[in-house]
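The structure under discussion appears below in the form of structure tokens.
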Amino acid sequence: MRDLDGKVAIVTGAARGLGRCEALQLASQGARLVINDLGVAGDGSGRDEEPARAVVDEIKQMGGEAVPHFGDVANWKDAEALIGTALDHFGGLNILVNNAGFIRDRMPWNMSEEDFDAVVRVHLKGHFCPMRFAMIHWREASKRSGAPIYGRLINTASESYLFGSVGQPNYAAAKAGIVAITMGAAQLLLKYGVTANVFIPRARTRMTSSGPLEAMFAKPEEGFDVFAPENATPLVGYLASPKAERISGYVFIIWNREVKIVSGPGIDAAFENDERWDLDSLHTALGPHFEKLEPVKDGYALRSG
């Protein structure tokens, strides 16, 4: 038997690119899939059901089972209906992979309110809404059974949250929020048998196929394609599998042939004072420390390697 035979998975943003590869990965392991995608363009405009239907057909041609869902993951009712689709069609839900999103990159002084709101909405709220209703289902299912159940929550973030991408104040902020809500979910869900982790792929997607990142992520004419999404998606399959039952509350970066585990925020230095701090005592303590340092110009992740 394949390790996900009998399991039910939802993948959001699953019609193209990374999401499609994730869906095919889970299907190859035996999972039955709900393929969620609005079919929007790279900036969130338009609607097209055909790409999601094509992935459903592709899974069926593999001998798998899949149904499409065209709801908006950042809409409360649509997200609830998404979870309901898995329950109605397949009788359960074991795996939720949140992946849907788009970008509207601008420098802060050029970004409109609508561009900021739209990107934070689709990424941060679009992760929270499906996971909220999935968590309700898993919690109630565990209570009914009186025992832990099989559940996997995999949320997609980006290294933008670490690097503080200067042209992505909306996207980087949303991805930082995704890490935070996933860490909270991991603490809540563990007693129900459900794991929650963050998946950060450095891969070629529609979001890296145009603009300033296009050249960096371009497909090589020959040799190993380090940014191929297929390099990253086996990690989704692994985290969704029974083998990963002890892995929860972690942040993974994957690309090329490398997997990294991101540690939590740390303390670089600590200072104490005998009395309440004032301006002079703060400068006495902090001044010499920062005289040895330079202003951070490249994101705190790059300082720590």
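Key figures for this structure:
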| read-out | value |
| --- | --- |
| Contour excess over end-to-end distance, with Cα ends at Ser145 and Asn75 and 0.36 nm allotted per residue | 22.2 nm |
| Per-pair calculated FRET efficiency, R0 = 45 Å: Arg246 and Gln61 via Cβ, rounded to 0.05 | 0.80 |
| Helix-only mean residue ellipticity at 222 nm for the chain, each DSSP H run of n ≥ 4 adding -39500 (n - 2.57), per residue, nearest 500 | -12500 deg cm²/dmol |
| Sparse-neighbourhood loop sites, trypsin sites (Lys or Arg not before Pro) in region 94-156 - DSSP loop, at most 16 other Cβ within 10 angstrom | Arg106 |
| Span-rule helices in the chain, defined as complete DSSP H runs reaching 15 Å or more along the axis (Cα) with Kyte mean at least -0.5 | 17-28, 76-90, 169-189, 229-240, 279-291 |
| Dipole magnitude of region 84-157 about its Cα centre (Cβ charges: Lys, Arg +1; Asp, Glu -1), debye to nearest 20 | 400 debye |
| Per-selection metrics, region 238-305 (Cα): Rg and Dmax in Å | 19.5, 57 |
| Share of pairwise Cα separations in region 38-145, more than 24 Å, in percent | 34 percent |
| Solution diffusion estimate, µm²/s, Stokes-Einstein, region 28-95, Kirkwood Rh from C-alpha pairs, 20 °C, viscosity 1.002 mPa s | 169 µm²/s |
| Directionally averaged shadow of the chain, computed from the convex hull of its alpha-carbon atoms, nm² | 20.0 nm² |
| Simple Cβ-charge dipole of region 8-262, Lys/Arg +1 and Asp/Glu -1, about Cα centre, in debye nearest 20 | 960 debye |
| Relative contact order %, the chain, counting alpha carbon pairs below 8 Å whose residues are six or more apart | 16 percent |
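Bear in mind these aren't lab numbers, they're just calculated from the coordinates by the rules spelled out. In this text, all values refer to a predicted model and were calculated from it rather than measured experimentally. Note: ideal-geometry Cβ built from the backbone for every residue, glycine included; neighbour counts use all protein chains shown.
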